[in-house]
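All remarks here apply to the structure that follows.
The values are calculated or read from the model by the stated rules, or taken from the named source; none is laboratory data. Being a predicted model, the structure only gives us computed values, none of them experimental. Here the Cβ positions follow ideal geometry from the backbone for every residue, glycine too, while neighbour counts run over all protein chains shown. These accessible areas exclude ligands, DNA and RNA; they are computed on the full protein's heavy atoms, side chains included. Shrake-Rupley method; radii C 1.70, N 1.55, O 1.52, S 1.80 Å.
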Amino acid sequence: MRYPHVYAAVGVHPDHVGELDEVKMQQLREMCTMEKTVAVGEIGLDYYWKENEPKEVQKRIFLEQVDLAKQFDLPVIIHDRDAHGDMLELFQKEVHGVQAVFHCFSGSLEMAKELAKRGYYFGFGGTSTYKNAKKVREVMQYIPKELLLFETDSPYLTPVPFRGKRNNPGYTEYTARNAAQVLGMEFEELAAIATANTKRLFKKIK
């Protein structure tokens with residue numbers, strides 16, 4: 001294996017759900033069986049782009065992919081852009097029996113409290129280092145440390161001090177170092193916690 005440290009998440013982003021037909025769904029099913037597929041995602045809702053499929057279509061296909069994850073005992077990686085109310089309602093009423101991480105979480109503290117008490121994970125990326133991201137850091141300080149994950153949204157959302165440049169996964173360390181400062185922790189301790197959280201959520205990662 002050329003890159004043994006590389007794993008995959010498979011899914012159809014809400015910007016592209018209009019392209020998902022039964023053929024592509026079958027391809028997703030097959031990819032879910034692969035040894036290094038660790039999650040279904042990123043999937044979810046995106047109400048920012050007006051050209052995206054209608055909200056009800058996005059919700060339906062999101063739930064279909066959640067069901068796919070349940071079939072293969074995989075967690076889901078959630079994309080939630082300008083859709084916090086609908087996403088929270090789905091997790092309160094319709095999404096059960098599957099673990100999840102909310103990618104680049106940008107919801108309210110109240111939403112975070114509801115999700116945290118259900119044991120869902122929160123991904124924090126470069127935006128958490130931005131001066132105007134006080135709300136994101138407030139959530140980070142609230143949620144249990146065993147639900148914290150750090151991530152990149154490469155090539156976007158580059159953390160300080162590289163903001164404005166192309167992002168890459170190596171910059172995730174800067175996001176985690178900033179979080180350690182916010183949380184009043186040693187970086188090494190927080191890195192160990194986040195690594196353990198990653199392996200607990202994505203069970204195939206060794």
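Here is a list: THR152, THR195. Which entry is among the hydroxyl-bearing types (Ser, Thr, Tyr), more than 25 Å from GLN92 (Cα to Cα), under 16 Å from the mean Cα position of the chain (by Cα) and open to solvent by 50 Å² or more (accessible area, probe 1.4 Å)?
Being among the hydroxyl-bearing types (Ser, Thr, Tyr), more than 25 Å from GLN92 (Cα to Cα), under 16 Å from the mean Cα position of the chain (by Cα) and open to solvent by 50 Å² or more (accessible area, probe 1.4 Å) holds for just one of THR152, THR195, which is THR195.
Yes/no matrix, rows are residues, columns are (1) closer than 24 Å to ALA196 by Cβ; (2) in a helix (DSSP H, G or I); (3) open to solvent by 50 Å² or more (accessible area, probe 1.4 Å):
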position	(1), (2), (3)
GLY123	yes, no, no
SER128	yes, yes, no
ARG137	yes, yes, no
GLN141	yes, yes, yes
PHE162	no, no, no
GLU173	yes, yes, yes
ALA179	yes, yes, no
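Please state which of the following conditions LYS113 fails to meet, knowing it meets all the rest: (1) open to solvent by 70 Å² or more (accessible area, probe 1.4 Å); (2) of a type outside the set (Val, Ile, Thr); (3) modelled with pLDDT of 95 or more; (4) in a loop (DSSP other than H, G, I, E, B).
Answer for LYS113: the failing condition is (4).
Specify which of the listed residues (ALA100, ALA39, ALA8) is touching a Ser or Thr at 6+ places or on another chain (Cβ under 9 Å) and within 19 Å of THR198 (Cα to Cα).
ALA8
Within segment 1-38, which residues are more than 15 Å from GLN71 (Cβ to Cβ) and either of a type in the set (Phe, Trp, Tyr) or part of a helix (DSSP H, G or I) (or both)?
TYR3, TYR7, PRO14, ASP15, HIS16, VAL17, GLY18, GLU19, GLU22, VAL23, LYS24
Being open to solvent by 70 Å² or more (accessible area, probe 1.4 Å) and either at pLDDT 95 or above or in contact with an Asp or Glu (Cβ under 6 Å, 6 or more places away or on another chain) (or both) is the requirement here; does LYS59 meet it?
It is false that LYS59 is open to solvent by 70 Å² or more (accessible area, probe 1.4 Å) and either at pLDDT 95 or above or in contact with an Asp or Glu (Cβ under 6 Å, 6 or more places away or on another chain) (or both).
Going residue by residue through segment 72-95, is there one that turns out to be within 20 Å of VAL139 (Cα to Cα), of a type in the set (S, T, N, Q) and in a helix (DSSP H, G or I)?
Checked segment 72-95: at least one residue is within 20 Å of VAL139 (Cα to Cα), of a type in the set (S, T, N, Q) and in a helix (DSSP H, G or I).
List pairs: first in segment 47-63 and farther than 16 Å from LEU20 by Cβ, second among the hydroxyl-bearing types (Ser, Thr, Tyr) and surrounded by fewer than 19 Cβ atoms within 10 Å (Cβ to Cβ), Cβ under 6 Å, 6+ apart or cross-chain?
The qualifying pairs do not exist here.
In segment 148-156, is there at least one residue being within 27 Å of PHE62 (Cα to Cα) and touching a Lys or Arg at 6+ places or on another chain (Cβ under 6 Å)?
Scanning segment 148-156 turns up at least one residue that is within 27 Å of PHE62 (Cα to Cα) and touching a Lys or Arg at 6+ places or on another chain (Cβ under 6 Å).
Inspect all residues belonging to segment 95-104 and state whether any of them is open to solvent by 10 Å² or more (accessible area, probe 1.4 Å) and touching a Pro at 6+ places or on another chain (Cβ under 6 Å).
Yes, because at least one residue in segment 95-104 is open to solvent by 10 Å² or more (accessible area, probe 1.4 Å) and touching a Pro at 6+ places or on another chain (Cβ under 6 Å).
Could you give me the residue pairs with C-beta distances under 8 Å whose first residue belongs to segment 81-100 and is closer than 18 Å to TYR48 by Cβ, whose second residue is among the β-branched types (Val, Ile, Thr) wherever it lies, and which are 6+ apart or on separate chains?
Taking only residues 6 or more apart or on different chains, the pairs are MET87/ILE78.
Where residues in segment 62-77 are more than 14 Å from MET25 (Cα to Cα) and β-branched (Val, Ile, Thr), which of them is least open to solvent (accessible area, probe 1.4 Å)?
The qualifying residue least open to solvent (accessible area, probe 1.4 Å) is VAL76.
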